[in-house]
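Scroll down for the structure; my scribbles are underneath it.
The values are calculated or read from the model by the stated rules, or taken from the named source; none is laboratory data. For clarity, every value in this text was computed on a predicted model and none was experimentally measured. Note: ideal-geometry Cβ built from the backbone for every residue, glycine included; neighbour counts use all protein chains shown.
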Amino acid sequence: MRRALLAAALLLPVTALPALARSQTHGQTITTARKTATATLRKPPPGPAYHAADAPTNAPVAYVGGMKPVMDQGRYLHGILDQLEGRYAPGGTDFRWDGEAWYGGDYNRLWLKSEGTLEHGRLHDGDHELLYSRAVSPYWNVQAGVRADIDDGPTRTWGALGVQGLALYQFEFQATAYVSDRGRFASRIEGSYDFLLTNRLILQPQAEFNLYTKSDPARQVGAGLSDVDAGLRLRYEVWRKFAPYVAVSYAGYLTQARRIVHDQHGESGALRLTFGVRSWF
Amino acid sequence: MLIPSRNRGGLSRRRFVTGLSAGGLVAALPRPLLARTPTAGQIPPVARPRWDLRVGRTRIEIDRKVLHAPCIGGDVPGPILRWRQGDTVSINVTNTLADEETSIHWHGLRLPAAMDGVPGLSFAGIAPGKTFTYRFPITQSGTYWYHSHSGMQEAQGLYGAIVIDPPAPDPQPCARDYVILLSEWSDVSPMDMLDNLKMQDDYYVFRQRTLASLPREARAAGGTLAALKDRLAWSRMRMAATDIADVTGVIYTYLLNGHAPDMNWNAIFTPGERVRLRFINGASMTFFDIRIPGLEMLVVAADGNAVEPVPVDEFRIGVAETYDVIVQPTQARAYTIFAQSEDRTGYARGTLAPQPGMSGPIPPMDPRPVRTMVDMGMGDMKPGESMHGMAMPGHRHGSAMAGMDMADHKTQPPMSGMPMPRHEEGAMDDMDMKDMQPAPTALGGHGHGHSLPMPAAHLHKPGTMDHDAPAADMAPVLEVDDPGPPPLNVENQNIARMPTDRLASPGDGLEHNGRRVLSYSQLRATRPGTDPRPPTREIIMHLTGNMERYIWGFNGRKFSESGPIRLRRNERVRFTLINDTMMEHPIHLHGLWSELENGQGAYRPYKHTLISQPGSKLSYLVTADAPGLWAYHCHLMLHMETGMFRTVIVE
């Protein structure tokens, strides 16, 4: 029973993929036939007698001096640190970051994600991903690449495949499935939502769940739902790109991982008062 | 020094002293009058066929925002060019910019394609250090403007007015004649704006619906639950009803003839005189709503072409449009020319007064508009509902029943600001939403004919725009370029399933405001159109975009993924625009007139830029009588640059 549930959870990101793509482009065969911005331009398939006056053509326009009148293929570089925070506790304050950066155009982007927690001078939960991201629908991107768990524990590497985007009701959502070099599977699901109290004061609940098929005690990983990192952050956007926040955060191990951590005499979970800054460029 | 005015190359003594006396503490008070350029807005006394324009960068400070602005003759806006119809003008444009090319496009002018000034289409641009001579005959008269079509120089100051004298005496003689060029000023480069919008689409919007604004909305909607439902519906669509302008007064200072509001540009009149005001919207991203409290404005020309005079209290001017209005102040007092941005985050302002230096009261800004389901072109369909399978050759959106429902809704008596009665039948989510909003297209202040939605049978069906009833227009359209409903893809997030005719609406935020506000349906040319032929072809274009990703285009594609629109020489074409986005787009066709089919029969107004209202459908006729490559695009600069642009080729 638990296995089935777990398998379902692991498969979620993968199965969600085509479903999302389908739901977003339902029946729109006319233009989804066009695969990339630069692909060979094809005529729409036969169907209703639709014809766009501005349909892509094989006869390129001879622009004077080869000059395109507008630059709609610009590339952009942005990075955001959603979390850069101290999690206060009497026994010692943890320091955590979680951020991402991307470079690219409207369809194809290179993503870098990174997160980690510094706890008693030791880095753990260090997770870094390099992903190729492809826009597939109005709000969704498919992402594939590699993940490396690099911190003070043993290093693990994974292949990654997931979706990232804006779900209904404007939930930010990411779900990624991983397969490790040792043939193990894992999954991560992340979500957040911005409640605007005022135009600058924003309350953001956020949660991240990690699931694994097999336990990995050296990394405090248990089979099944292994850990959760959640926060309720109240930020003030002094500028759009700079917002200090106060939060309560919870990081904890669940189910089997909880027993593993308990056996290693670690802390299995803590709710903490947290201060940090969200910033981006 | 908190000196609001502009200066270049240091403070003049007078300004310095003014600044001292004003000190820092009067920042919130009206600033002293600092008329900067006494000639701003003054039309040169005579028309000249030869001009020399030098494009360079000049350090200009306005409203404490310093910019090395690309401009002509060191001034923003550039000089007013006065020409005469019948002359052949010759303009030498010299590029003194260090390392960027430039160009000048003569907006609204009918001229040979090579003189149109669009790099890549007309010519290769003007390289640094080079001079290009524009030479073309002037075959029209009225108010126009010019601007750069290179990079985003236009957004930073490279623009100016054109006034062309008619060959015959003006049928609307005026004792005084002023240009009023509206624009924006910001020290944020347009590239940075675009960069920010690509990351966060509401980067410049600080008027979102929030917890703090909920009580106010609840009062307007007639209940907290209703307000929350409305929010949920928008949230479900991943859109914002508060999305009025992409770039706002948060970073813009709105200018009138290059003057910030506190610099109070002045125009002089003697009581009893008729004064012509030539309004030009030279902004890159802002629509303005213009009024002169206490004065009736007589709209006598639109986009350079004379129209039958329409008396109004207010009008909206889309980016790149021009309107000539005549006012006749009888009292010897100051009148404020008030041009608030559509999103109400700021205003441009000047003063009409019998003596220089006077200022009139500045009215408060109106409440900012909020988008409704009509702007989504949703009628009473559910946002998520697919219309696939319903698409039939007639390209009809929605069933007849749905159309009836819609008509029913809209013909409710307009009760501005009051909740509409709920409809029992089929109370779908967004129906409820509409119930909360005032009926969108009902009676404005002036009791003019009104845009009730067309019955479903006419909706979105080629060749059935029923404004122009004459038999000529009943002739069959031989060829229809119908792209079908746009896809929901990376570049498009919405389909206007029930686009409505909004020509009789003055626009979002102007309905039921108690003033007589100009609408497109009121524009009637003073003479019949020159080409009486019915169109032989209809080109349907959907305006599409994805606000979230900040990509804009036509038919779900940006410029780089589309081919050119090819027109045959002298072909008579009907363009039909269906706006699937929830924003206004000022669509500009270079080189050819756009004759708006607004119910005035043969007296269609000739325009060069047409506002397509959100969720609307409109059509206009074009005679392809000028060969060459022409630009066709949304004149919101950041929309154009992100893909809402096409090349039109007249062969």
Checklist line | Flag if residue B:246 is touching a His at 6+ places or on another chain (Cβ under 9 Å) and charged (D, E, K, R) | finding: yes
Item checked: Which numbered condition residue B:549 fails, given (1) under 22 Å from residue B:241 (Cβ atoms); (2) buried (at least 24 other Cβ atoms within 10 Å of the Cβ) -> (2)
Margin query: Quick test for you: out of A:74, A:79, pick the one residue that is within 14 Å of chain B (Cβ to nearest Cβ), in contact with a Phe, Trp or Tyr (Cβ under 6 Å, 6 or more places away or on another chain) and not aliphatic (A, V, I, L, M).
Written below: A:79
Next item on the list: Within the range A:224-239, track down each residue that is surrounded by fewer than 20 Cβ atoms within 10 Å (Cβ to Cβ) and either polar (S, T, N, Q) or touching a strand residue (DSSP E or B) at 6+ places or on another chain (Cβ under 6 Å) (or both).
Entry: A:228, A:230, A:232, A:234, A:236, A:237
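Return yes when residue A:37 is modelled with pLDDT of 90 or more and facing another protein chain (nearest Cβ under 8 Å) and no when it is not.
Working: modelled with pLDDT of 90 or more: no; facing another protein chain (nearest Cβ under 8 Å): yes.
It is false that residue A:37 is modelled with pLDDT of 90 or more and facing another protein chain (nearest Cβ under 8 Å).
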Margin query: Can you tell me which residue is surrounded by the fewest Cβ atoms within 10 Å (Cβ to Cβ) among those in the range B:639-651 that are touching a Leu at 6+ places or on another chain (Cβ under 9 Å) and in a strand (DSSP E or B)?
Written below: B:649
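What about residue B:171, is it at pLDDT below 95 and outside any helix (DSSP H, G or I)? Give the derivation first.
Numbers: at pLDDT below 95: yes; outside any helix (DSSP H, G or I): yes.
Yes, satisfied.
For a quick check of your reading: which strands (runs of 3 or more DSSP E) sit entirely within the range A:179-281 and have at least 1 residues that are under 17 Å from the mean Cα position of the chain (by Cα) and closer than 30 Å to residue A:166 by Cβ? Step through it out loud before you land on a result.
Details: elements: A:185-192, A:201-212, A:224-236, A:242-253, A:269-280.
Ranges flagged: A:185-192, A:201-212, A:224-236, A:269-280.
Considering only residues that are part of a strand (DSSP E or B) and of a type in the set (D, E, K, R), look in the range B:605-638 and name the one that is farthest from residue B:373 (Cα to Cα).
Filtering the range B:605-638 for residues part of a strand (DSSP E or B) gives B:606-607, B:609-612, B:616-623, B:628-634.
Next, only the ones that are of a type in the set (D, E, K, R) stay: B:607, B:617.
Numbers: B:607: 28, B:617: 15 Å.
So, considering only residues that are part of a strand (DSSP E or B) and of a type in the set (D, E, K, R), the one farthest from residue B:373 (Cα to Cα) is B:607.
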Check: Out of the range B:473-496, which residues are within 14 Å of chain A (Cβ to nearest Cβ) and among the charged types (D, E, K, R)?
Finding: B:479, B:481, B:482, B:491
Check: From the list A:167, A:135, A:148, which one is among the aliphatic types (A, V, I, L, M) and more than 14 Å from every other protein chain (Cβ to nearest Cβ)?
Finding: A:148
Notebook entry, point to check: Among the residues of the range A:85-95, is any within 29 Å of residue B:490 (Cα to Cα) and surrounded by 17 or more Cβ atoms within 10 Å (Cβ to Cβ)?
Noted result: no
Checklist line | Single unsatisfied condition, residue B:224 versus (1) surrounded by fewer than 19 Cβ atoms within 10 Å (Cβ to Cβ); (2) more than 10 Å from every other protein chain (Cβ to nearest Cβ); (3) under 30 Å from residue B:60 (Cβ atoms) | finding: (3)
Next item on the list: Exactly one condition in (1) within 14 Å of chain A (Cβ to nearest Cβ); (2) under 28 Å from residue B:370 (Cα atoms); (3) assigned to a strand (DSSP E or B) is not met by residue B:586; state its number.
Entry: (1)
Notebook entry, point to check: Quick one: residue B:182 ticks every box in (1) modelled with pLDDT of 95 or more; (2) not in a strand (DSSP E or B); (3) not charged (D, E, K, R) bar one, so which box is it?
Noted result: (2)
Next item on the list: Output yes when any residue across the range B:513-530 is within 9 Å of another protein chain (Cβ to nearest Cβ), farther than 15 Å from residue B:585 by Cβ and surrounded by fewer than 24 Cβ atoms within 10 Å (Cβ to Cβ), and no when none is.
Entry: no
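Going by the conditions given, is residue B:213 surrounded by fewer than 18 Cβ atoms within 10 Å (Cβ to Cβ) and either more than 12 Å from chain A (Cβ to nearest Cβ) or aliphatic (A, V, I, L, M) (or both)?
Working: surrounded by fewer than 18 Cβ atoms within 10 Å (Cβ to Cβ): yes; either more than 12 Å from chain A (Cβ to nearest Cβ) or aliphatic (A, V, I, L, M) (or both): no.
No, not satisfied.
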Check: Would you pick out the residues in the range B:131-159 that are within 13 Å of chain A (Cβ to nearest Cβ) and either touching a helix residue (DSSP H, G or I) at 6+ places or on another chain (Cβ under 8 Å) or under 13 Å from residue B:56 (Cα atoms) (or both)?
Finding: B:148, B:152, B:154
Next item on the list: Residues being under 24 Å from the mean Cα position of the chain (by Cα), farther than 15 Å from residue B:496 by Cβ and either facing chain A (nearest Cβ under 7 Å) or not hydrophobic (A, V, I, L, M, F, W, C) (or both): count how many of those fall in the range B:566-578.
Entry: 1
Checklist line | residue B:233 of a type in the set (A, V, I, L, M, F, W, C) and in contact with a Phe, Trp or Tyr (Cβ under 8 Å, 6 or more places away or on another chain) | finding: no
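In the range B:67-78, how many residues are out of contact with any Pro (no Cβ under 7 Å at 6 or more places or on another chain) and buried (at least 16 other Cβ atoms within 10 Å of the Cβ)? Step through it out loud before you land on a result.
First, pick out the residues of the range B:67-78 that are out of contact with any Pro (no Cβ under 7 Å at 6 or more places or on another chain): B:67-71, B:74-78.
Still in the list and also buried (at least 16 other Cβ atoms within 10 Å of the Cβ): B:67, B:69-71, B:75-78.
Result for the range B:67-78: 8.
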Item checked: Considering residues of the range B:116-129 that are free of Cβ contacts under 8 Å to residues at least 60 places away in the same chain and within 13 Å of chain A (Cβ to nearest Cβ) only, the residue surrounded by the most Cβ atoms within 10 Å (Cβ to Cβ) -> B:117
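Return yes when residue B:563 is free of Cβ contacts under 8 Å to residues at least 24 places away in the same chain, more than 18 Å from the chain's Cα centre (by Cα) and within 14 Å of chain A (Cβ to nearest Cβ) and no when it is not. Walk me through it before giving the result.
Details: free of Cβ contacts under 8 Å to residues at least 24 places away in the same chain: yes; more than 18 Å from the chain's Cα centre (by Cα): yes; within 14 Å of chain A (Cβ to nearest Cβ): yes.
So residue B:563 fits the description; yes.
Restricting to strands (runs of 3 or more DSSP E) lying wholly in the range B:525-570: which have 1 or more residues that are of a type in the set (Lys, Arg) and farther than 11 Å from residue B:581 by Cα? Break it down into steps so the answer makes sense when it comes.
Details: elements: B:537-546, B:551-554, B:565-567.
Those strands (runs of 3 or more DSSP E) span B:537-546, B:565-567.
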Next item on the list: For the range B:540-555, state whether one or more residues are hydroxyl-bearing (Ser, Thr, Tyr), without any contact (Cβ under 8 Å) to a residue 60 or more places away in the chain and at negative phi.
Entry: yes
Next item on the list: Return yes or no: is residue A:124 away from every other protein chain (no Cβ under 14 Å) and more than 13 Å from the chain's Cα centre (by Cα)?
Entry: yes
